[in-house]
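The next block holds one structure in the form of structure tokens; read it before the comments.
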Amino acid sequence: MFRSLVLLFVSLFAGQALAASPAAPGPTPPLPVPVPPMSPIGAKSYVLMDYRTGQILAEKDPDERRAPASTTKLMTAYVVFQDLKAGRITLDTKFHVSDKAWRQGGSRMFLNPGSSVSVKELLQGLLVPSGNDAAVALAQGVAGTTGAFVSLMNAYAKQLGLANTHYSDVNGLPEPDLYTSALDLAKLSRAIITQFPEYYHFFSEKSFTWNKIKQYNYNKLLWRDPSVDGLKTGYTSEAGYILASSAVRNDTRLIAVVMGVNLPKASSEQNYINLARVSEALLNYGFRFFSTHKLYSAGQSLNTARVWGGAHEHVKLGLMRDLYVTVPSGQYRNLKAEMTLDPTLKAPIAKGQTVGEVKVSLAGKPVAQVPLVALEADPEGNLWQRVRDTVLQWFEHK
């Protein structure tokens, strides 16, 4: 059986001790900000996600399968980043530009057939002007053929748990069996930011010049909002307009994905500006009505537990990773944390061993639930310690 112990209220999360006697009256705290529903934004599906916690703050048909258009290139970049991180290639590695890459239609980097181009330049051509030719050159350079590269894309999609995603090309040009969802794009964006911070800067570049042709990033949010640093747009007549974006304000990062955005007939430039406005409205909603807080640090001692038959009577307990929660603005002080642990822990205890869990709730609703672990090892005690604890346990449970 596990026993439940109330640990701390949120004032302790901030490193403050509860007063032994009532504090002197102070100013009345402001009332919590009510969270209204997200207003219609003209997207057929969308997701707003907190980066640190993965919590969904707003959504509409998040799992609906839709054509991804050029947001396919997020996974193309992800596969290339994997090879870079593994050391199989470097940013200076040069790939041959095949006739197939050169002949790609749609948005292009304007590669020359037969030339050799560095991975860095191909990534810039992939992510700034959304070059379909760059996508094919990268795929062939990494995997030999685009077909083999697509297999890698689908394998990584499965690893990331993208349940509503399947790829059939490397650039997002319309193909049968090519689809993704707003939630999957948010998950993929989060994985890119988390796993490849050293390459994430490519997504914030506003322009790129190749072959004496200067092209500008289709993500107009990079100009409209200085807090935005990525990620990728997409458009085909089948998919409509798509944007996966991310922004950081006051140490909080949000990821917004809008798909199938309905836009009035206008120039391509104006449509991408309008697309940015739609995504910006979603980001502004999240930053206005939600906030993310760090409750506990990894390795921070939250409590101690009695260990029976151990070399040490007690072990320190805590978390393996930092614990963040996302809550409506003004609700931070209403959080409640509770710990459950086994009252009969027996040695040996390994460092990092799960011995219970920490639950965080707000107004009775769960916010986070993470394993409680031993922060130190406690090997089995000597004969005297084991006999002593056996006797003590007998009296305790008598």
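Derivation of every value follows stated rules applied to the coordinates shown; laboratory data play no part. Here the structure is a predicted model, which is why all the values come from computation and not from measurement. No Cβ is skipped: glycine too gets one built from the backbone with ideal geometry, and neighbour counts run over all protein chains shown.
Here are some notes:
- Test item: Cα-centred dipole of the chain, Lys/Arg +1 and Asp/Glu -1 on Cβ, debye: 420 debye
- For the peptides 309-316, 200-207, residues were scored by their other Cβ atoms within 10 Å and the scores averaged per peptide; the highest-first order is 309-316, 200-207.
- Taking other C-beta atoms within 10 Å as the exposure proxy, 288, 253 rank 288, 253 from fewest upward.
- Relative contact order (%) - criterion: Cα under 8 Å, at least six apart; region: segment 63-261: 24 percent
- Rounded to 10°, Cα long-axis angle of helix 182-195 versus longest principal axis of the chain: 70 degrees
- Relative contact order of the chain: 19 percent, from C-alpha pairs under 8 Å at least 6 residues apart in sequence.
- Estimated FRET transfer efficiency (residue 177, residue 382; beta-carbon r; R0 51 Å; 0.05): 0.20
- Here the calculated FRET efficiency for residue 224 and residue 340, from their Cβ-Cβ distance with R0 = 51 Å, stands at 0.60, rounded to the nearest 0.05.
- Other residues with beta-carbon under 12 Å from the beta-carbon of residue 349 carry, at +1 per Lys or Arg and -1 per Asp or Glu, a net charge of -1.
- Protection proxy ranking of 321-329, 182-190, by the mean of other Cβ atoms within 10 Å over each peptide's residues and highest first, is 182-190, 321-329.
- Charge tally around residue 119: other residues with Cβ under 9 Å, Lys/Arg +1 each, Asp/Glu -1 each, net -1.
- Assigned charges on the beta-carbon of Lys, Arg, Asp, Glu; segment 63-261 dipole about Cα centre (debye): 320 debye
- Projecting the Cα positions of 143, 222, 167 onto the charge dipole of segment 63-261 (unit charges on Cβ atoms of Lys, Arg, Asp and Glu, taken about the Cα centre) puts 222 furthest along the positive direction.
- Sum of -39500 (n - 2.57) over DSSP H runs of 4+, divided by residues of the chain (222 nm, nearest 500): -8500 deg cm²/dmol
- Relative contact order, percent, segment 229-294 [alpha-carbon distance under 8 Å, six or more residues apart]: 26 percent
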